[in-house]
Amino acid sequence: MKIVVIGGTGLIGSKLVNKLREHGHEAVAASPNTGVNTITGEGLAEALKGASVMVDVSNSPDWDDAAVMKFFETSTRNLLGSEATAGVKHHVALSVVGTDRMSESGYMRAKIAQEKLIKESSIPYTIVHATQFFEFLKGLADISMVGDKVHLPPVFFQPMAADDVATALARIAAGKPVNGIVEIGGPEQFRVDELVRRRLASLKDPREVVPDPNARYGGARVSEKTLLPGNNARLGETRFEAWLTQPAAQIPTAHAQATGAAAGPKGPAAQKKAS
Ligand SMILES: NC(=O)c1ccc[n+]([C@@H]2O[C@H](COP(=O)([O-])OP(=O)(O)OC[C@H]3O[C@@H](n4cnc5c(N)ncnc54)[C@H](OP(=O)(O)O)[C@@H]3O)[C@@H](O)[C@H]2O)c1
């Protein structure tokens, strides 16, 4: 099958393209770096020509509330229009577990808008809700600074390895559209503040992590279970301690851009610089 991966050069996208190719698919990594831009439309029709499936794992380069909303709305509208013309049979999009419970966050509002456009379109679809990526834990610390300390709500989450996200997406892309949401998550639950503390310790990052019930998660108030997937979630295999021993975990900024939570007080450019 020809499968176009929008955002195919990103953290998840590059892993997904490799896995799809290993499974014998013709996988196309589509992003501005490969000449495909879902905002301007450049290269989109050409990339989607003859494709059966499109997987959208792109992310907005700018995280201000208005900018991220504009990105996901424009990009998704352009994608759905071009897919209809090209006869694409399955639109797969990656979103975040609990998105609809975190509408206080501008980033999550943009993901909700993206999902609404997909649900209202005529293209069969599968929306994949993933929990936070292990690769994102340092980025989460970076956007949760109060003074020189990391303030995080002591709530539960069930994070997963980016590699397991890509494995699940590869399976879903090759399967039938569910016209609904599939949740994926990691094999273990942790408290957010505790795991970020462990991640920073593994990087010898001296920042103190403060459990703060008033702290927001990427701009949204969260309760104990807001970030947890439901009982039917498909779980990845990689446990946190095993992931820590992998080469990718030795890189502090494996993924400095903190996707999966809303932008903090700083924009992504500042976050990138900060990490
Ligand atoms: N981090 C988390 O914990 C988490 C959890 C659940 C879900 N998610 C979701 O996962 C998705 C992917 O995240 P990621 O960390 O893999 O992203 P990423 O590494 O930041 O990659 C973003 C990708 O989007 C592409 N892109 C940017 N602008 C584009 C445009 N105009 N047209 C086409 N492609 C464009 C980039 O292309 P270039 O390289 O060419 O710039 C890049 O390939 C996001 O939608 C996020 O909401 C994240």
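The values are calculated or read from the model by the stated rules, or taken from the named source; none is laboratory data. Just so you know, these numbers come straight off a predicted model, no measurement behind them. Here Cβ is always computed from backbone atoms with ideal geometry, including for glycine, and neighbour counts include all displayed protein chains.
Being of a type in the set (S, T, N, Q), modelled with pLDDT under 95 and closer than 21 Å to F71 by Cα is a description that does not apply to T253.
Criterion applied to K138, K149, K111 was being charged (D, E, K, R), touching a residue at least 24 places away in the same chain (Cβ under 8 Å) and out of contact with any Asp or Glu (no Cβ under 8 Å at 6 or more places or on another chain), and the one residue passing it is K111.
Checking each residue in segment 222-232 for being more than 13 Å from Q189 (Cα to Cα) and surrounded by 15 or more Cβ atoms within 10 Å (Cβ to Cβ) picks out only V222.
Only one entry in I112, I143 is modelled with pLDDT under 95 and more than 9 Å from the ligand (Cβ to nearest atom), namely I143. For segment 209-217, the criterion of a residue being basic (K, R) and either under 17 Å from the mean Cα position of the chain (by Cα) or under 16 Å from M102 (Cβ atoms) (or both) is satisfied by at least one position.
Contact annotation: residue pairs with Cβ atoms under 7 Å, 6 or more positions apart or on different chains, pairing a residue in segment 1-16 that is farther than 17 Å from S75 by Cβ with a partner that is within 6 Å of the ligand (Cβ to nearest atom) and of a type in the set (A, V, I, L, M), are L16/V57. Can you pull out the residues in segment 212-221 that are of a type outside the set (D, E, K, R) and surrounded by 17 or more Cβ atoms within 10 Å (Cβ to Cβ)? Once the filter is applied, which keeps residues that are of a type outside the set (D, E, K, R) and surrounded by 17 or more Cβ atoms within 10 Å (Cβ to Cβ), segment 212-221 yields A215, Y217, G218, G219, A220.
Is it the case that D163 is touching a residue at least 24 places away in the same chain (Cβ under 8 Å), charged (D, E, K, R) and more than 9 Å from the ligand (Cβ to nearest atom)? It is true that D163 is touching a residue at least 24 places away in the same chain (Cβ under 8 Å), charged (D, E, K, R) and more than 9 Å from the ligand (Cβ to nearest atom).
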